[in-house]
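Computed from the coordinates by the stated procedures, all read-outs in this text should not be read as laboratory data. Please read all numbers here as calculations on a predicted model, not as lab measurements. In this analysis, Cβ positions are derived from the backbone assuming ideal geometry, glycine residues included, and neighbour counts consider all displayed protein chains.
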Amino acid sequence: MSYKLDQNIDLSPRTNATYFASSVHRNRQPNKSQWVISVVQEVECFIESQINNWIEGIFSWGMISDGNNLIVLGKSVYNEELKLAKFVTKNDDGVWHGYPADFCKNFQDRPGIKILQKWRNCGHIEKHHITKIRQGKTCSL
């Protein structure tokens, strides 16, 4: 399956959400983190965040695991590897968009404790990762 950038993507029946894959996170815009995964992988990451209920209000949090490790989803504005994704909706139109989240540099890109505990319970992260992520410290995810 392929998806087009800058167009709403209906994700039914897998989820009742609509997703907007924005080109600003793929066109090397200087103040935006950039995806390094394909648009298909970006959308799948979002779908998994919805299916697994990694949702906090208008935010949904994602990651892609290869079994033992998290894969790099994107690069920060400082060209650092990012392994978490943040998805946002305004709730009034139900359309979501997302970007690679830089939890070290941006407080707003840190998932809440409930999401981190869900990831730990699934075996995606370890206990010490929770503290480091919440404090914005570098860790080996």
- [ ] Return the loop-located trypsin sites (Lys or Arg not before Pro) in region 2-64 (DSSP other than H, G, I, E, B) with at most 13 other Cβ atoms within 10 Å of their own Cβ; answer none if there are none.
- [x] Lys4, Arg14, Arg28
TODO: Give, in nm to one decimal, the length gained when the segment between Lys105 and Ile47 is fully stretched (0.36 nm per residue of separation minus the Cα-Cα distance).
DONE: 18.3 nm
- [ ] Calculate the dipole size of the chain relative to its Cα centre from +1 charges on Lys and Arg beta carbons and -1 charges on Asp and Glu beta carbons; express the result in debye to the nearest 20.
- [x] 500 debye
Task: Ranking of Cys45, Cys139, Cys104 by count of other Cβ atoms within 10 Å, fewest first - done: Cys139, Cys104, Cys45
Open item on the list: Return the Rg/Rh ratio of the chain with Cα-based radii and a Kirkwood Rh.
Closed with: 0.94
TODO: Find how much the distance from Ile55 to Gln135 grows on full extension, using 0.36 nm per residue of separation minus their present alpha carbon separation; answer in nm with one decimal.
DONE: 26.8 nm
Open item on the list: Suppose each label sits 7 Å from its Cα in the direction of the beta carbon; what would the Asn8-Lys114 distance come out to in nanometres?
Closed with: 2.7 nm
Task: Debye-sum result for region 73-112 in log10 I(q)/I(0), which assumes one identical scatterer on each alpha carbon, at q = 0.13 Å⁻¹ - done: -0.29
Open item on the list: Strictly over 30 Å apart at the Cα level, which of Lys90/Lys127; Lys75/Lys132; Lys4/Lys137; Lys4/Lys32; Lys4/Lys114 would you flag in this model?
Closed with: Lys90/Lys127; Lys4/Lys137; Lys4/Lys114
Task: Percent antiparallel among DSSP beta bridges (both partners in region 8-110, rounded to 5) - done: 90 percent
- [ ] Would you mind telling me which residue in Tyr78, Tyr99, Tyr19 has the biggest mean-square fluctuation in a Gaussian network model of the chain, where springs connect alpha carbons within a distance under 10 angstrom?
- [x] Tyr78
Task: Sorted peptide list for 46-56, 113-123, criterion being average Cβ within 10 angstrom, highest first - done: 46-56, 113-123
Open item on the list: Can you give me the long-range amide H partners of Asn8? Hydrogens built in the peptide plane at 1.01 Å from N, cutoff under 5 Å, separation of 5 or more residues or another chain.
Closed with: none
Task: Among Lys127, Lys75, Lys86, residue whose mean-square fluctuation peaks in a GNM of the chain (springs only between Cα atoms under 10 Å) - done: Lys127
TODO: Output the relative contact order of region 8-110, whole-number percent, from Cα pairs under 8 angstrom with separation of 6+ residues.
DONE: 26 percent
Open item on the list: Using alpha carbons only, how many angstrom separate the centre of region 88-141 from the centre of region 1-69?
Closed with: 14 Å
